[in-house]
1. Scan the stretch B:80-103 residue by residue and report those that are closer than 26 Å to residue A:101 by Cβ and touching a residue at least 60 places away in the same chain (Cβ under 8 Å).
2. Criterion first (within 14 Å of chain A (Cβ to nearest Cβ), more than 19 Å from residue A:111 (Cβ to Cβ), away from DNA strand D (no atom under 12 Å from the Cβ) and surrounded by fewer than 13 Cβ atoms within 10 Å (Cβ to Cβ)) does residue B:20 satisfy it?
3. Looking only at the stretch B:32-63, count every residue that is more than 22 Å from residue B:105 (Cα to Cα), within 12 Å of DNA strand C (Cβ to nearest atom) and open to solvent by 40 Å² or more (accessible area, probe 1.4 Å) and tell me the total.
4. Working only within the stretch A:66-89, note down all residues that are surrounded by fewer than 16 Cβ atoms within 10 Å (Cβ to Cβ) and basic (Lys, Arg).
Number of protein chains: 2
Amino acid sequence: MTDQVEGASHRPPPVHTHPDDVPLLTALSALADPVRIQLIRDLASRPDWALSCSNFDVPVGRAAKSHHFSVLRDAGLVEQRDQGAKRLNRLRREEFDARFPGLLDLTLRPDVTE
Amino acid sequence: MTDQVEGASHRPPPVHTHPDDVPLLTALSALADPVRIQLIRDLASRPDWALSCSNFDVPVGRAAKSHHFSVLRDAGLVEQRDQGAKRLNRLRREEFDARFPGLLDLTLRPDVTE
DNA sequence: CTCAGTGTTCGATGGCCATCGTACAGTGCT
DNA sequence: AGCACTGTACGATGGCCATCGAACACTGAG
């Protein structure tokens, strides 16, 4: 029925951590990984909620990918929303930037990769 | 004689990497460590060349400390200069900030530690 | 209901890294 | 020369983490 009101989701929604509750060390550790940097950049190149987890092109299996998204959620970098079987993603640009000014911009700059 | 000209140092000078040659991932990995963050903060709280390696109050032995300074050098964060038996340190504020704007400021902010 | 697709969880594994103790090399002082 | 101090190099160790395969749960479609 494509019902938006009677959600009745029989699946635990993803647990999020707000950037304001994230220690600096956690944020830096989350960003200090090539796969996660790639995920963030891919995410930034598309509109919010445009990509589900399986749409990301990274050289790891589903299990590892799921793990990486968990790390990104805990670091306040990514928000997830369930829609059907898919789990849609959004980069928490403004909130994360308010907590760690400039850090996300730095990560998204293509020239610092060398 | 406390000669400044006839240095004749029989010791290999420390190898440095300029921040411009440092990939983002290297910089983030270097900063994603509690001991190194402490070293950087201690360094920032004193004038340039004021501290030798042994002066830092970090809960690790000499060997580990030496390793950490090596990592910081490779990440373009610290410059070292030999003076006698001591090895003096300087935080490469401007150069590093030119390459990764805001990253060092973020690391030095005391409130993001939580 | 069955099936294909999506994502999480679990246990196991391999590798990287922070740390330590020790030995060693310079340096300056007596 | 002898000594105390500073820092590095080396080998070993322990722990953490990224990854995988497999099993499982949920979803929407046929």
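The values are calculated or read from the model by the stated rules, or taken from the named source; none is laboratory data. Computed from a predicted model, the values in this text were never measured in an experiment. Positions of Cβ are backbone-derived with ideal geometry, glycine not excepted, and every protein chain shown enters the neighbour counts. Heavy atoms of the whole protein, side chains included, go into the accessibility calculation; ligands, DNA and RNA do not. Shrake-Rupley method; radii C 1.70, N 1.55, O 1.52, S 1.80 Å.
1. To start, the set of residues in the stretch B:80-103 that are closer than 26 Å to residue A:101 by Cβ comprises B:90-103.
Result: B:92, B:95, B:96, B:98, B:99, B:100, B:103.
2. Working: within 14 Å of chain A (Cβ to nearest Cβ): yes; more than 19 Å from residue A:111 (Cβ to Cβ): no; away from DNA strand D (no atom under 12 Å from the Cβ): yes; surrounded by fewer than 13 Cβ atoms within 10 Å (Cβ to Cβ): yes.
No.
3. Qualifying residue count, the stretch B:32-63: 6.
4. Of the stretch A:66-89, the ones surrounded by fewer than 16 Cβ atoms within 10 Å (Cβ to Cβ) are A:66-67, A:70, A:81-86.
Those that are surrounded by fewer than 16 Cβ atoms within 10 Å (Cβ to Cβ) and basic (Lys, Arg): A:81, A:86.
Quick grid of which residues meet (1) within 9 Å of DNA strand C (Cβ to nearest atom); (2) within 14 Å of another protein chain (Cβ to nearest Cβ); (3) under 17 Å from residue A:18 (Cβ atoms); (4) part of a helix (DSSP H, G or I):
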{"position": "A:66", "(1), (2), (3), (4)": "yes, no, no, yes"}
{"position": "A:90", "(1), (2), (3), (4)": "no, no, yes, no"}
{"position": "A:101", "(1), (2), (3), (4)": "no, yes, yes, no"}
{"position": "A:106", "(1), (2), (3), (4)": "no, yes, no, yes"}
